[in-house]
Amino acid sequence: KNEVEQSPQNLTAQEGEFITINCSYSVGISALHWLQQHPGGGIVSLFMLSSGKKKHGRLIATINIQEKHSSLHITASHPRDSAVYICAVLYSGGGADGLTFGKGTHLIIQP
Amino acid sequence: EPEVTQTPSHQVTQMGQEVILRCVPISNHLYFYWYRQILGQKVEFLVSFYNNEISEKSEIFDDQFSVERPDGSNFTLKIRSTKLEDSAMYFCASSAYISRQVYGYTFGSGTRLTVV
């Protein structure tokens, strides 16, 4: 079964710390998404990657296709970054295939 | 910024009743999806829809589920006879697909379904 593994499951850090969340997957993909889910439940797309690196504000996402691994980094973390961060992959095959989700990383940034 | 709109935000229904969850995808997107998230669990794919037909469905999407695009804007998920285990947050999503690449994957804010 094609699984998406995230680590750590839970992460508590102090405001200002550099945060790294990891994601690994088992077979070839056409794209990888990093998503954010707040306690209210809504899902916001942060990045979609198929290679290399993307940056948006304090967020950086990287992917290594050969190693089947991606990381999400948050620089100068802030309490408002507290949320569940989810990695989801689109396995190679077609445009309308569904995403396969990881279990998420529950991030808490303390002031 | 374009949004995917879902209604209602909360729905409580009795076991055995039919429910219809509604979604308005982003207007120039052609691919539509339903996902569900049982409380405390990961998000799971249910079904994708393109060109007025189901493109892919998961094992979860059995005969009690159906999807429809009744007009040019709405995309609906129907659960015919709800069970307690159907209680979950249901997310609609839409995307574009250009030159074999997915673009603009956007999720709605979800419908929380509670079956009692």
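Using +1 on the beta carbon of Lys and Arg, -1 on that of Asp and Glu, and nothing else charged, what's the dipole of chain A about the Cα centre, debye to 20?
Details: 8 positive and 7 negative charges, 40 e Å.
With Lys and Arg at +1 and Asp and Glu at -1, about 200 debye.
Quick check: pseudo-label points 7 Å beyond the Cα along Cα→Cβ at B:Arg69 and B:Glu3, how many nm apart are they?
Here the modelled spin labels are 2.2 nm apart.
P(r) tail for the protein assembly as shown, what percent of Cα pairs lie past 24 Å? Each step should come with its number before you reach the end.
Working: 11286 of 25651 pairs.
Everything past 24 Å amounts to 44 percent.
Starting from the Cα gyration tensor of the range A:51-111, multiply each eigenvalue by 5, take the square root, and state the resulting semi-axes largest first in whole Å. Each step should come with its number before you reach the end.
Working: eigenvalues 126, 43, 18 Å².
Equivalent-ellipsoid dimensions as semi-axes: 25, 15, 10 Å.
Quick check: net charge around A:Gln6, other residues with Cβ under 12 Å of its Cβ, Lys/Arg +1 and Asp/Glu -1? Could the numbers behind the result be given before it?
On the way: positive: A:Lys103, B:Lys42; negative: A:Glu3, A:Glu5.
For residues surrounding A:Gln6, the net value is 0.
Given the Cα atoms of the range B:9-55, and with Rh set as the inverse mean 1/r over their pairs in the Kirkwood sense, what is Rg to Rh to two decimals?
Working: Rg = 13.2 Å, Rh = 13.1 Å.
That ratio equals 1.01.
Using a probe radius of 1.4 Å on heavy atoms only, what accessible surface per residue do you get for the protein assembly as shown? Whole Å² is fine.
Values: 11330 Å² over 227 residues.
Ligands and nucleic acids excluded, the result is 50 Å² per residue.
Rank B:Asn51, B:Ile20, B:Thr114 by how far each Cα sits towards the positive end of the charge dipole of chain B (+1 on Lys, Arg Cβ; -1 on Asp, Glu Cβ) and give me just the farthest.
B:Thr114
Do you know which residues of the range B:19-48 lose at least 40 square angstrom of accessible area in the protein assembly compared with their chain on its own, with a 1.4 angstrom probe?
B:Lys42, B:Val43
Projecting each Cα onto the charge dipole of the protein assembly as shown (Lys/Arg +1, Asp/Glu -1 at the beta carbon, about the Cα centre), which of A:Asn64, B:Gly40, A:Gly16 comes out farthest on the positive side?
A:Gly16
Sort A:Met48, B:Met15, B:Met89 from largest to smallest accessible area, using a 1.4 Å probe on the heavy atoms of the protein chains. The partial results should precede the final answer.
Values: A:Met48 45, B:Met15 115, B:Met89 10 Å².
The residues order as B:Met15, A:Met48, B:Met89, largest area first.
By the scheme Lys and Arg +1, Asp and Glu -1, what is the net charge of all other residues having a beta-carbon under 9 Å from that of B:Ile79? Could you put the intermediate results ahead of the total?
On the way: positive: B:Lys78, B:Arg80, B:Lys83; negative: B:Glu18, B:Asp86.
My count for the surroundings of B:Ile79 gives +1.
Using only protein heavy atoms and a 1.4 Å probe, report how much of B:Glu3 is accessible, in Å² to the nearest 10.
Number for this one is 140 Å².
How many percent of the accessible area of chain B is carbon or sulfur, using a 1.4 Å probe? The partial results should precede the final answer.
On the way: 2810 of 6180 Å².
Its accessible area is 45 percent carbon and sulfur atoms.
Distance cut-off 26 Å, Cα to Cα: go down the list A:Lys54/B:Lys78; A:Lys55/B:Lys57; A:Lys55/A:Lys103; A:Lys54/B:Lys57; A:Lys68/B:Lys83 and report the pairs above it.
The pairs that break the limit, which is 26 Å between Cα atoms, are A:Lys54/B:Lys78; A:Lys55/B:Lys57; A:Lys54/B:Lys57; A:Lys68/B:Lys83.
Label-point separation (nm) for B:Arg80 and B:Thr114, each offset 7 Å from Cα along Cα-to-Cβ?
It is 2.8 nm.
Give the Debye-formula value of log10 I(q)/I(0) at each listed q (0.17 Å⁻¹), with one equal scatterer per alpha carbon of chain A, two decimals each.
So the normalised log intensities are -0.76.
Over the alpha-carbon set of chain B, divide Rg by the Kirkwood Rh and report the Rg/Rh ratio to two decimals. Present the calculation step by step, with values, prior to reporting the outcome.
Details: Rg = 13.6 Å, Rh = 14.3 Å.
That ratio is 0.95, to two decimals.
Which percent of the accessible area of the range A:1-88 is formed by carbon and sulfur heavy atoms (probe 1.4 angstrom)?
50
Would you mind giving the total buried accessible surface between chains A and B, with a 1.4 Å probe and ligands, DNA and RNA left out, rounded to the nearest 100 Å²? Intermediate values should be presented prior to the final figure.
Values: alone 6000 and 6960 Å², together 11330 Å².
Approximately 1600 Å², summed over both chains.
The values are calculated or read from the model by the stated rules, or taken from the named source; none is laboratory data. Keep in mind that this is a model prediction, so the values were computed, not measured. Note that each Cβ is placed from the backbone with ideal geometry, even for glycine, and that neighbours are counted across all protein chains shown. SASA here: full protein model, heavy atoms, side chains in, ligands and nucleic acids out. Shrake-Rupley method; radii C 1.70, N 1.55, O 1.52, S 1.80 Å.
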